[in-house]
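Working notes for the structure below.
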Amino acid sequence: MGDEALLHAGEVVLLVDLRRGKRHLVTLRLGQAFHSDRGFIPYDTLVGLPEGTVAVTTRGARYLALRPTLAEYVLEMPRGAQIIYPKDLATIALFADIGPGQTVIEAGVGSGALTLVLLRLVGPTGRVVSYETREEFARRAQRNIEARLGPVVLTIRPQDIYLGIEEREVDRVVLDLPEPWRMVEPAAQALRAGGLFCAYVPTVPQSQRVHEALAAHPAFALAETFETLLRPWNIAGPSVRPAHRMVAHTGFLTLARRVQPDAGGSLGSAPPAASGEDADAADGPGPEGA
Ligand code: SAH
């Protein structure tokens, strides 16, 4: 096992309480310790050990030490604004088709959860530009991002994105802010042909408004809106059933493709699951005039 594989001083580690399941994100600072109500673990005792080690507090409580996955990291990192949850981050990653080398415009940066995912996916040859009006959020996000990824190609613009997007010929515009419909025209100007618009909003009226704005715009096509539900299961002996509790609602995603002006303003689609099925007649004519 190379030294790289072993936990080293200064890195961020997840400690999972093996009795209660509670998770703690800690930085292994030499000379300091993790304190719980059942004793403490000096960080020095973790340095040099492999991931997956069980550390025992001075009063016998057992904690599993692992490097956090990106999903675990975003759930536990310090938050200013509410983050986008991992199930939605995962969905955005593939449905907004974020990939290596792309230039992605984002707003706002919030706590940096989505930014972390975008940066990981665009990689060292890509670029993320994130607009954020609140300086304290920008600072917190920057700290969260650097603690996880080290130096990255990220530009945070301390600007109101509703006033416009400076960049041109970008591959993706990904929005998590209250009025994404105001960004439909600026995004049409910023996106390259074939580029993708993606907005995440928590309520139906917001999704409806952004969807309708995209469906009516001549430079966008294939607008679609959907949500994803993640239901955890309890699997313990004969008790195999859905968990009693779930996060029942987070938000809706609305996506559309930037097209040539004469190709847009049409073919707003039903949610992805419905493709290949007949349009639901009860919905009446959609923007496509079905
Ligand atoms: N996606 C982020 C959370 C974003 S919260 C995450 O996963 O961590 C929404 C953010 O948008 C807030 O930080 C807010 O300050 C910012 N914001 C709202 N309106 C904005 C605007 N017009 N321009 C730039 N940022 C804006």
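The values are calculated or read from the model by the stated rules, or taken from the named source; none is laboratory data. These figures come from a predicted structure and were not determined experimentally. When we count neighbours, we look across all protein chains shown, and the Cβ atoms used for this are built from the backbone with ideal geometry, even at glycine.
Tell me, yes or no, whether segment 166-174 has at least one residue that is near the ligand (Cβ under 10 Å from one of its atoms) and either surrounded by fewer than 21 Cβ atoms within 10 Å (Cβ to Cβ) or β-branched (Val, Ile, Thr) (or both).
Scanning segment 166-174 turns up at least one residue that is near the ligand (Cβ under 10 Å from one of its atoms) and either surrounded by fewer than 21 Cβ atoms within 10 Å (Cβ to Cβ) or β-branched (Val, Ile, Thr) (or both).
Go through the residues of segment 52-63 one by one and say whether even a single one is under 16 Å from VAL12 (Cα atoms), of a type in the set (A, V, I, L, M) and in a loop (DSSP other than H, G, I, E, B).
Checked segment 52-63: no residue is under 16 Å from VAL12 (Cα atoms), of a type in the set (A, V, I, L, M) and in a loop (DSSP other than H, G, I, E, B).
Within segment 183-201, is even one residue within 11 Å of the ligand (Cβ to nearest atom) and more than 20 Å from GLY110 (Cβ to Cβ)?
no
Can you report the number of residues in segment 127-152 which are in contact (Cβ under 8 Å) with a residue 60 or more places away in the chain and either within 12 Å of the ligand (Cβ to nearest atom) or over 16 Å from the mean Cα position of the chain (by Cα) (or both)?
5
Any idea how many residues of segment 129-149 are part of a helix (DSSP H, G or I) and closer than 20 Å to PRO178 by Cα?
Residues that pass the stated criteria total 5.
Being closer than 16 Å to TYR73 by Cβ, surrounded by 19 or more Cβ atoms within 10 Å (Cβ to Cβ) and among the small types (Gly, Ala, Ser) is the filter here, so list the residues in segment 134-165 that pass it.
ALA141
Residues in segment 70-77: is at least one touching a Phe, Trp or Tyr at 6+ places or on another chain (Cβ under 7 Å) and either of a type in the set (Phe, Trp, Tyr) or in contact (Cβ under 8 Å) with a residue 24 or more places away in the chain (or both)?
no
Scan segment 43-62 for residues that are crowded, with 17+ Cβ neighbours inside 10 Å and touching a helix residue (DSSP H, G or I) at 6+ places or on another chain (Cβ under 8 Å) and jot them down.
The one that is crowded, with 17+ Cβ neighbours inside 10 Å and touching a helix residue (DSSP H, G or I) at 6+ places or on another chain (Cβ under 8 Å): ALA55.
Just to check your reading of the model, which residue among GLY52, GLY39 is away from the ligand (no atom under 16 Å from the Cβ), within 27 Å of ARG120 (Cα to Cα) and among the small types (Gly, Ala, Ser)?
GLY52
Pairs please, first residue from segment 103-126 and away from the ligand (no atom under 12 Å from the Cβ), second anywhere and among the acidic types (Asp, Glu), Cβ atoms under 7 Å, 6+ apart in sequence or on different chains.
What qualifies is THR103/GLU167; THR103/ASP171; VAL104/ASP171.
Find the residue count for segment 233-264, including only residues that are part of a loop (DSSP other than H, G, I, E, B) and among the β-branched types (Val, Ile, Thr).
3
Checking the condition under 13 Å from VAL117 (Cβ atoms) and aromatic (Phe, Trp, Tyr), which residue from TYR43, TYR73 passes?
TYR73
Name the residue that is farthest from the chain's Cα centre (by Cα), counting only residues in segment 16-32 that are surrounded by fewer than 16 Cβ atoms within 10 Å (Cβ to Cβ) and part of a strand (DSSP E or B).
Among those that are surrounded by fewer than 16 Cβ atoms within 10 Å (Cβ to Cβ) and part of a strand (DSSP E or B), it is THR27.
Answer yes or no as to whether TYR131 is crowded, with 22+ Cβ neighbours inside 10 Å and of a type in the set (Phe, Trp, Tyr).
Considered against the rule, which asks whether it is crowded, with 22+ Cβ neighbours inside 10 Å and of a type in the set (Phe, Trp, Tyr), TYR131 comes out as yes.
Just to check your reading of the model, which residue among PHE34, PHE40 is of a type in the set (Phe, Trp, Tyr) and in contact with a helix residue (DSSP H, G or I) (Cβ under 8 Å, 6 or more places away or on another chain)?
PHE34
When you go through (1) outside any strand (DSSP E or B); (2) in contact with a strand residue (DSSP E or B) (Cβ under 8 Å, 6 or more places away or on another chain); (3) more than 11 Å from the ligand (Cβ to nearest atom) one by one for THR155, which number turns out not to apply?
(1)
Provide a single number: the residues in segment 107-121 that are buried (at least 24 other Cβ atoms within 10 Å of the Cβ) and of a type in the set (S, T, N, Q).
Matching residues across segment 107-121 total 1.
So GLU4 passes all but one of these: (1) farther than 25 Å from ARG79 by Cβ; (2) acidic (Asp, Glu); (3) at pLDDT below 95; (4) more than 30 Å from the chain's Cα centre (by Cα). Which condition number does it fail?
Failed condition: (4).
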